[in-house]
1. Which of the residues that make up the range A:208-226 are touching a helix residue (DSSP H, G or I) at 6+ places or on another chain (Cβ under 8 Å), more than 14 Å from chain B (Cβ to nearest Cβ) and not in a helix (DSSP H, G or I)?
2. Scan C:101, C:149 and give me the residue that is under 12 Å from the mean Cα position of the chain (by Cα), under 15 Å from residue C:43 (Cβ atoms) and not in a loop (DSSP other than H, G, I, E, B).
3. Which residue out of A:179, A:191 is without any contact (Cβ under 8 Å) to a residue 40 or more places away in the chain and under 15 Å from the mean Cα position of the chain (by Cα)?
4. Within the range C:68-94, work out how many residues are more than 11 Å from chain A (Cβ to nearest Cβ) and surrounded by 17 or more Cβ atoms within 10 Å (Cβ to Cβ).
5. Residue under question is residue C:111, and the condition is that it be within 28 Å of residue C:156 (Cα to Cα), within 14 Å of chain A (Cβ to nearest Cβ) and out of contact with any helix residue (DSSP H, G or I) (no Cβ under 6 Å at 6 or more places or on another chain); does it hold?
6. For residues that are under 18 Å from residue A:197 (Cβ atoms), part of a helix (DSSP H, G or I) and in contact with a strand residue (DSSP E or B) (Cβ under 9 Å, 6 or more places away or on another chain), tally how many sit in the range A:248-282.
7. What is the one condition in (1) within 14 Å of chain C (Cβ to nearest Cβ); (2) surrounded by fewer than 22 Cβ atoms within 10 Å (Cβ to Cβ) that residue A:309 does not satisfy?
8. Among the listed residues B:215, B:256, identify the single one that is surrounded by fewer than 24 Cβ atoms within 10 Å (Cβ to Cβ), away from chain A (no Cβ under 14 Å) and under 24 Å from residue B:86 (Cα atoms).
C-alpha cells in the first residue's frame, strides 16, 4: 500500500492488519519508553492547509514515536485566494525529500490529487479533505469500538455490530469514511439526522436511516452511536432552524442515553459542542469512548505510518 | 479569387455531385468542373458550421485564447462562424467592445467572428447594457447573453426580452439559479455525495428555464437557452415549443457524451458549468437533439490556462475546450448511433444556429448562388483525442477518447481556411 | 524440493528438556528468571521451556513467561514486504533486575537477536540477558552467540531450516531444505 487517501483503498484484511498493528502500538504508548526505531531516517511532512491542532499533533507524535523526522508545514490559502498553490507546495516538499506527506485540506479531493499528480514521490496520507474523507479518524473509531466490544480484538472485524452515525452526514468526512470502513468490517451502519443533511446517495449505502434519533434508538438495536459535530454555519445556511431545535431532536441527552441502555457505546470525533449534539451526561458516561478515541489516535496513526512507509518495492 | 471544384462530394441528402466555387460563391452543383479539381470522393460536404457559444477570451484573457487562436481552432473544427461570448475583460457590453472583437475577427480572417453582447452592464445583473447601440453598431449584435452568469432577476429578464424585440434580437440565457448553486462544484447526485463535492441540483437550471419560457410567452420575444444539461430542462423546452413559445435550445458536445462519473478522478478538466450530469440526462439530451426539441449543438468552448485547472477541484475554473471536437461528437451522436442523418447534423451544426443569430451568409444550404461557406469531412476515420489542438489552452475533456470523423477542408467565403486538415494560414 | 529431517519430535522434546535444565542450572534455580520467546516459534519454544521448568520448580508462569516482538526493530524493513507486528507480553514483574533468557528457534545471522536486544532495552534493565536457541546454524554476521543450544547444525547459506512445532504447524520436527 502506497497511499491512504480513502478508506476505499483498504481491503477488509488490510484494515484489520492496521487495527492489529495499532494494538501493538497502543502497548508501546502505555510503556515508559514510548519510542520505536522503525522509521529512523524517514521524513514525514504534516502539510496542513486547514487549522487542526489536534490532528496535526496526533500525527506528529505518531511519527516521532516511530523515530521519523517531522516537518510541520502550515500552508495558507489556495489558488482561490491566489495564495500558495497545492502544486508549488507539493514540489517544495518533494525537494525537501518527504517520504510521507500527511495532508489536511479544505478542498475535497486534494489528497487524491496529490497522490495521483506525480508531484510527490512519497506516500500521501489524507488527514481530512474538505467534506470528502478522513480515513485515519475512521480507523481510530473502528479500532476504539473493536477494542470496546472484543476482549481480545486481534484479527477481528466488527461483524454484526450496529452503529448509528448521527448528525450532519452531508458535510462530514468522518461520516463518509466511517460508513465505508465500518461496513467493510462487517458492521451495520445507520444514518440519522435532519433530512436536509442526509443525502440520499449515502442513505442508499447504509443499512438504514432515520430522521429521528428517538426512532433510531427504538428501531435499531444499537451497539454504538457516533455523534457528529454540528457546524454552526449549517444553521445560518438554513439546514436546520436553531441550535435548540437541533439539540431537542438529534442531541444525545440523558434521556436518550437511558433509552440506549448500558450496552451501547457513545462516540464523538471531537471537538464536542456540549449541550448541542451531545450533553455532559452522555459525553462523560461510563459508556463514552470519547477519551479513548483521542488516545487511540496516536496508535492508529503510528500503525498507518508503519504500513505505508515500511516494506520493499516488490511488495 | 480562386476557382475550384470539389469533385464527387457527398451532400447532406446523400447524393454525390461536384461543387464548383468561383469568386466566393457556389457556381454549380452537378457534373461540371472548373478551376482546380479537388478529389472529395467519400467526403461529406456540408454548410460551414456555426457555433453560437464560443469563449474567445479576447480582450482581457489572452493567455487563455485570442480571437486569432480561437479562429484557428474553429476553422480546424469545420466552423465558418463563431459567436464570441461577452464575458471578456472589459465585458462586451458596449458598441466599442463588440466592434473591436469583430474587427479582430476580420483581421484573423479564418471564420466570421460575430460578437454576442452582454445583457447587463459588466454582467452585473443590475442594469441593462446598451443593447440597442450594440445592435446598431458595425458588429450588428443580435444575440445578448450574460453567459457565465444567469440573468436571475425576473424583472430584468422580462425587460431584456421585451427590449430586444425592436431589433429582432434574442436573449441567450445561462440558466442557473444563483442561490441554489452557491459554491456548487458538480452535479448533485450519488457521485457528489460520495466525493464530498458540493452539489449542483438539476432544479437550479430547470427552475430558471421554466420561468423564462413563461416570460418569453408573456413578452412574445425570442429566447434561447444555452447549454441544456438535464432531462427536466428538455421536458420544459418540449412543453414550451408545443405551446408555440419562441424558444430555442442548445446542447454542448460534452453534455452529449460525458457524465458526472468522471469527477471521481477529481481532475478539474471535467469541471464545467453547467456540470456534467448523469447517463439518464445524456440520453434525454441526445433524444431531444434528434427529435428537434433541442435546436443546435454549441461548443461552449471555454479555454483556461494550465494553472486554473492544475489545482484542487474546488479552486479550479469551470470550462472545457470544444471547437475541434464538436463535429466528431455530433457525428457520433447523430450518425454513427444510427439515430439520425446528415441533414439533421447540418441543421444542428449550421442551419439552425445561423438562423437564431440571423446571420445572412452562414448556414445556407449548398446551393448555387450562396456564399461558399463549406465544411468537408471524412466521416470514416477515427482519432484518439489528445491535447488542446490550435487553442492556446489544453483543458481537453475528450483526452484519450476515440472519436469518429475528421474535418478535411474548411472553406470560408470561397477560400480554404483549412485544407487537408491543415490551417491555410 | 529435497528435504531431510534433522530433528525428530522426540529430539526436539529432549533438546527443550535439556535447555530447561541448563537454564535452571546456570541461574541456580528459577529466582528472578524471565523467559521471553521471540514470535512466532521462539514464543512456542519459550512456553515449552517454562512448562518444563514448572515440573521441577514452583513458579508463577505469568511472572516468568513472556514474548518479545522485534518487528519494529528490524534492520531490513525497507527490503522486505511489510509485516504486521506480533504481540509483546512482558511478565507481570517487569524486567528490571531480572535474568532474561531470550528464546528463538534458529540462530543464523544474529540480526534478529540484535533487534531483540534493542527492543528489550525499551522495556527495562535486566541484570543479565541470555540466549537460548533450538538450532544454531552458523553464518553469524554480528558478534552474537547462544548460551543454550539445542543442536549445532552446520549448513550452507542457501539451505533453508524449517522448524515445525505442533502449536503453530501440523508437524513437530526440524527439516533442512536445499
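The values are calculated or read from the model by the stated rules, or taken from the named source; none is laboratory data. Quick caveat, the model's predicted, so the values are computed rather than measured. Here Cβ is always computed from backbone atoms with ideal geometry, including for glycine, and neighbour counts include all displayed protein chains.
1. A:208, A:210, A:211, A:212, A:222, A:223, A:224, A:225, A:226
2. C:101
3. A:179
4. Qualifying residue count, the range C:68-94: 2.
5. Taking the combined requirement at face value, the residue satisfies it.
6. So the count comes out to 1.
7. Failed condition: (2).
8. One residue alone meets the criteria, B:215.
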